[in-house]
Structures are given as C-alpha cells and as structure tokens.
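Chemist: Quick one: the structure is below, and I'll ask about it shortly.
The values are calculated or read from the model by the stated rules, or taken from the named source; none is laboratory data. Since the structure is predicted, the reported quantities are computational estimates derived from the model, not experimental observations. Cβ placement follows ideal geometry from the backbone for every residue including glycine, while neighbour counts extend to all protein chains displayed.
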Amino acid sequence: MNTKKLWIAFTMVMVISFGILGYYGYEIYKEAPPIPKKVVTADGTVIFTASDIKDGQNVWQSIGGQEVGSVWGHGAYKAPDWTADWLHREAVFILDKLGEAEYAERYDKLDDEKQALLQKRLQNELRTNSYDFETGILHISALRLEAFKAISRHYANLFMDGEQEADLREAYAIPANSIKDADRMFKFNCFLFWATWSTVTERPGQEISYTNNWPPEKLVANEPSGSLLLWTGFSVIILIAGIGMLAWYYASHRDEEENSEVPAVNPLSGVKQTPSMKATLKYFWVVTALILVQILMGVVTAHYGVEGLAFYGFPLADFLPYSITRTWHIQLAIFWIATSWLATGLFIAPAVSGKEPKFQKLGVDILFGALLVIVLGSLAGQWFGVMQKLGLAENFWFGHQGYEYVDLGRFWQIFLFLGLFIWLFLMGRAIWPALQKRDENQHLLWMFLIASIAIAAFYGAGLMWGQQTHLTIASYWRWWVVHLWVEGFFEVFATVVIAFLFVRMQLLRPSIATASVLFSTVIFLSGGILGTFHHLYFAGTPTAVLAIGASFSALEVAPLVFMGFEAYHNIKISKATAWVAAYKWPIYFFVSVAFWNLLGAGVFGFLINPPIALYYMQGLNTTPVHAHTALFGVYGMLGIGLMLFVLRDMDLEAEWKEKPIKYAFWGLNIGLLLMVLLSVLPVGLAQTVASVKHGLWYARSAEFLETPFLETIRWMRVIGDTIFAVGALYLVWFVFGLKGGWSVKK
C-alpha cells in the first residue's frame, strides 16, 4: 500500500475530524442549558441563585460526584440517577397535589381519563420553558416550589442522618452524613433541581428538552424524539457499509506477504540492555502491585452492591465508603495501564535507536518518583475530599473532582500533565538518532513520535474546565480525555509499539508494519475522533451532536468485526519458529486483546451506542459490561502483554515456568467473561426492560434492584470475580517470581 497516500489520509482525518469536533464544541458552549441568575416564584421571591447552583455542583463533586449515583446518566450504578429520581418524584408530587385539589384523591386512585387530564397539566407545568433569556431569571410556580421543598427534605434525610431513610441509605451505599451541614445540603438540592429542570424543559422553539428528552419518563412526555430514531437507523446503515468496505480491503490484501523468512535465532539475543532500559523494571513491579490493589478495590465495590455499608458485616463504609472504593478501582486501572504502556515506550526507545542519551536513566528514575507521588497523593486527596475534610475550593485542587475517570484533583492533574511531557522528552531524545537515519523504519518511527506527542498533549484537555464550569462543558472536555486520550491515542501508540516489537524480532517487514499501522490508525481515528460525541447524546448538547456521534461511533465498530484476522496473525507469529515460543504468553495476551476488542468494544459497545439503545440503557449495568470488557479486556490485557514482552526481552536466557502465567492468562480471561455473562449483563438487560416499561427511575430504584431475583444475580458475580482474582494472583506471583527466581526454571 502506498505510504504517501496513507500519510495524506491520516493528515486529512486529523484536520477534518478535529475541525468538526472543535466547531461543534463551540456550538455546545452556546446551546448548553442556561444556569439562571435567579430562580423566583410568581410573587418575585428569590428561592436560590446561580451561585447556589454552582456551589451545589461542587458539593456534589466533593461527595464523589459521578461515583455516587449518576447525573444525566453518567456515573455509578449503585444509587439512582439523581436527575431521573428527582424528575419522577417531582412529577408524582405535583400529580398528587393536583389530584387532591381537583378530585380529593391522590393521582394513583383516579381513573384513566382523570389521570390523562392531570398528566397534560403536569407536562404543561414542567415542559414549558419559563426562563427569561433577557434577564436570566427562571420563574417557577408555587406548586413547583412546594415540590422542591418536599424533595429537598427527602434528600436531606438521605444524605445527612434522617432515620426514616436509613434503609434507603444502605440500599444506595451512602453513609450517614455524607453531606455534613445544612448549607451544603441546600446548595446540593439547588444543583439537582437545575440539572433535572434541564431534562424536562423544552429548548426554545423545539419540542425536545435540553437533554433530548432523556431520561425516559412517560408522566412528563419524555419519550424518544424523531431525530433519535432517525439517527439510530443511519448508524446501523453506516456500520453495515463500513463492514462491507473493510471486508473488501481484507479480501483484496489477504495474499500480501507479511514477512520474509523467519530468523533461525532470536535477533535480540546478545543485544545489550542500557541502564535506562533496565531501570524500567521497577515500573512493572508497580504495575503489578497496582493491579492487585485495583482488583481488591473492585471486590469491595462489587460487594457493596449486595451489602451497601459493610463488608461481610464489618462496617467498612465508615472509613472506606463505596464512592472511594469505586473511585480508586477506576483510577488505579488507568494508572497501571498507562504506566505499563509508558514504561514499554521508555524501554523500546533506546533499543530502537541503539543509543543511550546522557542522563536517560536519571530521567527514568525521576519520572518513576513523580509517578509514585501522583498515585499516592491523588488517592489520599480523594479520600480527604469524600470524607468532607476539605473546603470546596481545596477539594477541587487536591481532592475529588467528581468526574468519572478524571476524579483526581486539579493539582494532581497538572502534576501528571507535566510528568507526561517529561516522558515525551525522554522518548523523543532516545529515538531522535534513529529518526535522523533515512532507512525503512523512518515512517514507523515518525508514527511512534506522533503518538507519543498525542499522549502527552491530549491529557491537557482535562485542564480545560474550572471549579465551577458548566456541567455540559465539563462533560465535553472530560470525554476528550476518556475517549480521545485513553481509548484513542493510547491505542494508536500501542499499535505502533506492537509493530516495533515484531519488526525488531524480524517477524514483520518494516514496510508492511508501517502500512498496517498507518491504515489501522486512519480507520480507527476516522470513527474514533468524532465518535466521542456518542457519550454526549443526553448531556445538554444540540441535536447535531447526536447525529454526528451516532454516525461515527458506528464506524468505530466496523474494524473490530475483523479482529479475528489480528488474532490469527498473532497466533501464527507465536508458532513461527522454536525461539518465538519464548514469547508465547505475551503474544497470547495480544490474542486476547483481539477477542475482547471484538466482544467488549465491538459487540457490547454497539449494544449501547445507537441513540435509541442508549436512550433506555444510559446509566444501567449494560454500560459496565462494555466498560469492563473494553477497559480491562482490551487495554488491560494489552498492558499486561506489553509488560510481559519487556520482561521477556530483559532476560532472554531465562526459561519461564509456564504453569503460573498460563493460569494467570486463563483465569483473567475466563473470570472476566463469567463476571459479565453471569451477573453484570443479566442485571443490565433486566434494567433495560424496566426502563422501557416504567422509566429509568424505576430501573435504578432500590425497589427494583433489591428484588430477590436480582440479588441472586448480583451474588452470581462471585464466581467470575473469584476466578478472575485467582488469575490476578498468579500473575503477581509470576512477575515478582522473575526477580525472586521461583518463576524461572533452574
């Protein structure tokens, strides 16, 4: 394939995609739900102000934010979606008041005709946009104020220490006094009122709410819009078209020769390890330790699903609540996966150029120290924030930002951002001598450098929001980090690294590797960059975001259908010759990445991506099905595979004991599959049925999730979790045993 054409295609995809992403980002800024300067009643009484809403958003963030239930569908799955819950409670309260005033009966006691009449009045009350765009004042009725006060009392009892909500607190895994004073509680309720107002109030001149009629709630006429159904159809058509085009490509290139004759001996045998390459070993020890702690936090978090405030009777939530264990579970996953990939880059860079820059080892050691400070400091700050030991400003800087995947405080974000540029500097200076050579590896090296620059630069998107930035705007930039940084350019970097590994081993020709990497990157980013918008369907964004997100996120799935080719290619490499057998298990982890890319990112990703599917599934357990199988199944397995490849290259003379790494491989993969199929997926599908029939509030309610059947299904997760944990323990035993000697044959 013509390399020049691929570079042109890569440049065009980057320029056009980011141009569109930026343009509609500007539109999102303009079309976000307004935050009123004041919320007042008909007689002019001020109920609360914009400052109260913004401070309330900070209070929500300080208790864990998206790690305690969810808002607009984004966040944890244990407690309700607070906007769906508030909306339903508000609707029922108003209907009951109207029923008592009109017919002296509560709403649920009335016949269908009277209920229909009251529903229409309710919809007129809630859907009519009473925000004055000139004055910035939102007017609400006395009845809605009464509802606000009633729901505020309910949440005060729930989040503080109301005895009447003790059972509900346990069901939601929310410790008593999660919010400790009345002023913070009032502002928290102001924020939830505004966030819920955005879900039901119609945009000016339109018949859809600011969140595209999400969440589903028939009482207030929150139902799928026509555009949502239309773009669902288009997404399926685009997926089929994308699969067809890629099928043609693979068929037309299946006879291309991939490599020349495989060397009789390992080309890397006898290659001298530089001091900085050896210094990366400690990174992988930390990776292994973080895997163990992350899984432990996952076990505790999952157990809170059946015993909300205790761990087998021990009151663990008093000092390690659900919001903290879930935060650490997610944050540690990102830390260890990123560390594995970055350390692999530090190991490969001097090997590629054959030169060790001056003070490179010192740089690697300094970066390692910075990593430890960031990990330990950010985790400690999150604990202090959630335990309400910090002010709101201090919490933003050093505590818990409350945004899933980017929970660490701003100080730690800046520290990490600077650390990534130190890493980029170390990478660039190590591969620069190789870039100056005009050989067949040059294109691959440039792709390596571009991916490294993207990793350092795109984390900067996480610095684009401030302490009181509008939730819609913060969501836009958050998904730049989660989707483009983690799911996007890290994957491009990993693709380049794997290609380099096989090129160094002379199992793949540089020309073929370069073409494959460029083609894969073009295809992946063609859908991946603009596919970012599929996370923002219901986050207060305009309809155009829904259209673009639906179309391009479908294209993301198309290449995943052909992961079987990658799996076959990797298995074939593992059997190429006798010396390659030493790399069997690192390569097998790459094979598992192809499997999870197909199942986790492809099947389970497309399960929730089409707009109509996500309309009913957003915020349900169908999302962690995709999250677990994509984050750990794809990126985690890839991180482990890269780590094992480096550990293998560090000591080519050692003969590994196969049993522990074999058990680790099968335990991790089988355990993950059973965890999803026996528990998380069935719960998610049951919730989906409930969401369609009754509304999202019910699918997330304690009333539904605490039923005996779903309790049993959640306990079923123990089977997969146990197998998975055993696999992780074997991996830890094996990695440390390479240094201790028990993982190597004497």
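Chemist: Any idea which of (1) within 16 Å of the chain's Cα centre (by Cα); (2) buried (at least 22 other Cβ atoms within 10 Å of the Cβ) is the one Tyr583 doesn't satisfy?
Modeler: Tallying (1) within 16 Å of the chain's Cα centre (by Cα); (2) buried (at least 22 other Cβ atoms within 10 Å of the Cβ), Tyr583 fails exactly one: (1).
Conditions tested, residue by residue: (1) without any contact (Cβ under 8 Å) to a residue 40 or more places away in the chain; (2) in a helix (DSSP H, G or I); (3) acidic (Asp, Glu).
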site	(1), (2), (3)
Ala664	no, yes, no
Ile670	no, yes, no
Glu703	yes, yes, yes
Val718	yes, yes, no
Phe724	no, yes, no
Tyr730	no, yes, no
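Chemist: Please count how many residues of region 131-169 are more than 33 Å from the chain's Cα centre (by Cα) and touching a residue at least 40 places away in the same chain (Cβ under 8 Å).
Modeler: Total satisfying the criteria: 16.
Yes or no, residue by residue, for (1) surrounded by 24 or more Cβ atoms within 10 Å (Cβ to Cβ); (2) of a type outside the set (A, V, I, L, M, F, W, C):
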| site | (1), (2) |
| --- | --- |
| Leu168 | no, no |
| Ile174 | yes, no |
| Asn177 | no, yes |
| Met185 | no, no |
| Asn189 | yes, yes |
| Phe193 | yes, no |
| Thr196 | yes, yes |
| Thr201 | no, yes |
| Gly205 | no, yes |
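Chemist: Starting from region 521-548, take each residue that is touching a residue at least 40 places away in the same chain (Cβ under 8 Å) and list its partners that are part of a loop (DSSP other than H, G, I, E, B) and surrounded by fewer than 24 Cβ atoms within 10 Å (Cβ to Cβ), counting only C-beta distances under 6 angstrom and pairs at least six apart or across chains.
Modeler: Going by the 6 Å Cβ cut-off, the qualifying pairs are Gly540/Ala32; Gly540/Pro33.
Chemist: Of all the residues that make up region 457-479, how many are surrounded by 23 or more Cβ atoms within 10 Å (Cβ to Cβ) and either in contact with a Cys (Cβ under 9 Å, 6 or more places away or on another chain) or under 27 Å from Leu426 (Cβ atoms) (or both)?
Modeler: Within region 457-479, residues that are surrounded by 23 or more Cβ atoms within 10 Å (Cβ to Cβ) and either in contact with a Cys (Cβ under 9 Å, 6 or more places away or on another chain) or under 27 Å from Leu426 (Cβ atoms) (or both) number 2.
Chemist: Out of Asp85, Asp52, I need the residue that is among the acidic types (Asp, Glu), outside any loop (DSSP other than H, G, I, E, B), closer than 21 Å to Gln123 by Cβ and in contact with a Lys or Arg (Cβ under 9 Å, 6 or more places away or on another chain). Which one? Walk me through how you get there before you give the answer.
Modeler: Numbers: Asp52 fails: closer than 21 Å to Gln123 by Cβ.
The match here is Asp85.
For (1) outside any loop (DSSP other than H, G, I, E, B); (2) under 27 Å from Glu356 (Cα atoms); (3) aromatic (Phe, Trp, Tyr), each residue gets a yes or a no:
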position	(1), (2), (3)
Leu376	yes, no, no
Leu379	yes, no, no
Leu390	no, no, no
Ala393	yes, no, no
Glu404	no, no, no
Phe411	yes, no, yes
Phe415	yes, yes, yes
Leu420	yes, yes, no
Phe425	yes, yes, yes
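Chemist: Now, a different point. Look at Lys662 and say whether it is out of contact with any helix residue (DSSP H, G or I) (no Cβ under 6 Å at 6 or more places or on another chain), surrounded by fewer than 20 Cβ atoms within 10 Å (Cβ to Cβ) and at pLDDT 95 or above.
Modeler: Details: out of contact with any helix residue (DSSP H, G or I) (no Cβ under 6 Å at 6 or more places or on another chain): yes; surrounded by fewer than 20 Cβ atoms within 10 Å (Cβ to Cβ): yes; at pLDDT 95 or above: yes.
Yes, satisfied.
Chemist: So, one more: Can we say Ile431 is among the β-branched types (Val, Ile, Thr), more than 24 Å from Ile324 (Cβ to Cβ) and part of a helix (DSSP H, G or I)? Walk me through it before giving the result.
Modeler: Details: among the β-branched types (Val, Ile, Thr): yes; more than 24 Å from Ile324 (Cβ to Cβ): yes; part of a helix (DSSP H, G or I): yes.
Yes, satisfied.
Chemist: Counting just the residues of region 99-146 that are hydrophobic (A, V, I, L, M, F, W, C) and in contact with a strand residue (DSSP E or B) (Cβ under 9 Å, 6 or more places away or on another chain), which one comes out farthest from Ser209 (Cα to Cα)?
Modeler: So the residue we want is Leu145.
Chemist: How many residues does region 679-706 hold that are charged (D, E, K, R) and crowded, with 23+ Cβ neighbours inside 10 Å?
Modeler: So in region 679-706, the residues charged (D, E, K, R) come out as 693, 700, 703, 706.
Remaining after also requiring crowded, with 23+ Cβ neighbours inside 10 Å: 700.
Looking only at that region, the number is 1.
Chemist: Next up: If you go through region 170-182, how many residues are touching a residue at least 60 places away in the same chain (Cβ under 8 Å), aliphatic (A, V, I, L, M) and assigned to a helix (DSSP H, G or I)?
Modeler: 1
Chemist: Those residues that are surrounded by 13 or more Cβ atoms within 10 Å (Cβ to Cβ) and either outside the structural domain of Lys38 (by TED's automatic domain parsing) or not hydroxyl-bearing (Ser, Thr, Tyr) (or both), I need them from region 122-139; list them, please.
Modeler: Leu122, Gln123, Glu125, Leu126, Arg127, Asn129, Asp132, Gly136, Ile137, Leu138, His139 - these are the residues of region 122-139 that are surrounded by 13 or more Cβ atoms within 10 Å (Cβ to Cβ) and either outside the structural domain of Lys38 (by TED's automatic domain parsing) or not hydroxyl-bearing (Ser, Thr, Tyr) (or both).
Chemist: Pick from Val517, Val496: which is free of Cβ contacts under 8 Å to residues at least 60 places away in the same chain and over 21 Å from Leu536 (Cβ atoms)?
Modeler: Details: Val517 fails: free of Cβ contacts under 8 Å to residues at least 60 places away in the same chain.
None of the other options fit; the residue is Val496.
Chemist: Please work out if Ile422 is touching a helix residue (DSSP H, G or I) at 6+ places or on another chain (Cβ under 9 Å), within 30 Å of Lys30 (Cα to Cα) and modelled with pLDDT of 95 or more. Spell out the reasoning first.
Modeler: Details: touching a helix residue (DSSP H, G or I) at 6+ places or on another chain (Cβ under 9 Å): yes; within 30 Å of Lys30 (Cα to Cα): no; modelled with pLDDT of 95 or more: yes.
No: the conditions fail for Ile422.
Chemist: Within region 463-477, is there a residue that is assigned to a helix (DSSP H, G or I), among the β-branched types (Val, Ile, Thr), touching a helix residue (DSSP H, G or I) at 6+ places or on another chain (Cβ under 8 Å) and under 30 Å from Arg648 (Cα atoms)? Steps first, please.
Modeler: The first filter runs over region 463-477 and keeps only residues assigned to a helix (DSSP H, G or I), leaving 463, 471-477.
Okay, now just the ones that are also among the β-branched types (Val, Ile, Thr), so 472-473.
Subsequent filtering for residues that are touching a helix residue (DSSP H, G or I) at 6+ places or on another chain (Cβ under 8 Å) retains 472-473.
Adding the requirement that they be under 30 Å from Arg648 (Cα atoms) leaves none.
The answer is no; no qualifying residue exists.
Chemist: Tell me which of these Glu394 doesn't satisfy, since it passes every other one: (1) farther than 21 Å from Phe448 by Cα; (2) touching a residue at least 12 places away in the same chain (Cβ under 8 Å).
Modeler: (2)
Chemist: Oh, and also: Is at least one residue of region 723-739 crowded, with 20+ Cβ neighbours inside 10 Å and on the phi > 0 side of the Ramachandran plot?
Modeler: no
Chemist: Can we say Val364 is of a type in the set (Val, Ile, Thr) and under 20 Å from Thr327 (Cα atoms)? Steps first, please.
Modeler: Working: of a type in the set (Val, Ile, Thr): yes; under 20 Å from Thr327 (Cα atoms): no.
Judged against the criteria, Val364 is not a match.
Chemist: Is there any pair linking a residue in region 183-212 that is on the phi < 0 side of the Ramachandran plot and of a type in the set (Val, Ile, Thr) to one that is surrounded by fewer than 24 Cβ atoms within 10 Å (Cβ to Cβ) and in a strand (DSSP E or B), with Cβ under 7 Å and at least six apart or on different chains, and which?
Modeler: Every condition considered, the pairs that remain are Ile208/Glu202.
Chemist: Looking at Ile719 and the list (1) closer than 25 Å to Glu170 by Cα; (2) of a type in the set (Val, Ile, Thr); (3) at pLDDT below 95, which single condition is not satisfied?
Modeler: The single condition Ile719 does not satisfy is (3).
Chemist: Of all residues in region 365-391, which are more than 20 Å from Phe319 (Cα to Cα) and not aromatic (Phe, Trp, Tyr)?
Modeler: If we filter region 365-391 for residues that are more than 20 Å from Phe319 (Cα to Cα), which is where we start, we get 365-374.
Selection gives Asp365, Ile366, Leu367, Gly369, Ala370, Leu371, Leu372, Val373, Ile374.
Chemist: Here's something else I'd like to know. Looking only at residues in region 465-506 that are under 18 Å from Leu408 (Cα atoms) and not hydrophobic (A, V, I, L, M, F, W, C), which one is modelled with the lowest pLDDT?
Modeler: So, considering only residues that are under 18 Å from Leu408 (Cα atoms) and not hydrophobic (A, V, I, L, M, F, W, C), the one modelled with the lowest pLDDT is His483.
Chemist: Sticking with this structure for a sec: State yes or no: is Leu449 in the same structural domain as Ala494 (by TED's automatic domain parsing) and surrounded by fewer than 20 Cβ atoms within 10 Å (Cβ to Cβ)?
Modeler: Details: in the same structural domain as Ala494 (by TED's automatic domain parsing): yes; surrounded by fewer than 20 Cβ atoms within 10 Å (Cβ to Cβ): yes.
For Leu449, the condition - in the same structural domain as Ala494 (by TED's automatic domain parsing) and surrounded by fewer than 20 Cβ atoms within 10 Å (Cβ to Cβ) - is met.
Chemist: Follow-up. Just checking, how many residues over region 209-238 are part of a loop (DSSP other than H, G, I, E, B) and surrounded by 20 or more Cβ atoms within 10 Å (Cβ to Cβ)?
Modeler: Initial filter on region 209-238 (part of a loop (DSSP other than H, G, I, E, B)): 210-216, 221, 223-225.
When the remaining residues are screened for being surrounded by 20 or more Cβ atoms within 10 Å (Cβ to Cβ), the result is 210-216, 225.
Selection size over region 209-238: 8.
Chemist: Yes or no: region 130-139 includes at least one residue that is aromatic (Phe, Trp, Tyr), part of a strand (DSSP E or B) and closer than 25 Å to Gln206 by Cβ. So that I can check it myself, show each step before the final result.
Modeler: Our first condition is that a residue be aromatic (Phe, Trp, Tyr); within region 130-139, this holds for 131, 133.
Of the ones still in play, those that are also part of a strand (DSSP E or B) are 131.
Checking the rest, the ones that are also closer than 25 Å to Gln206 by Cβ come to 131.
Yes: one or more hits.
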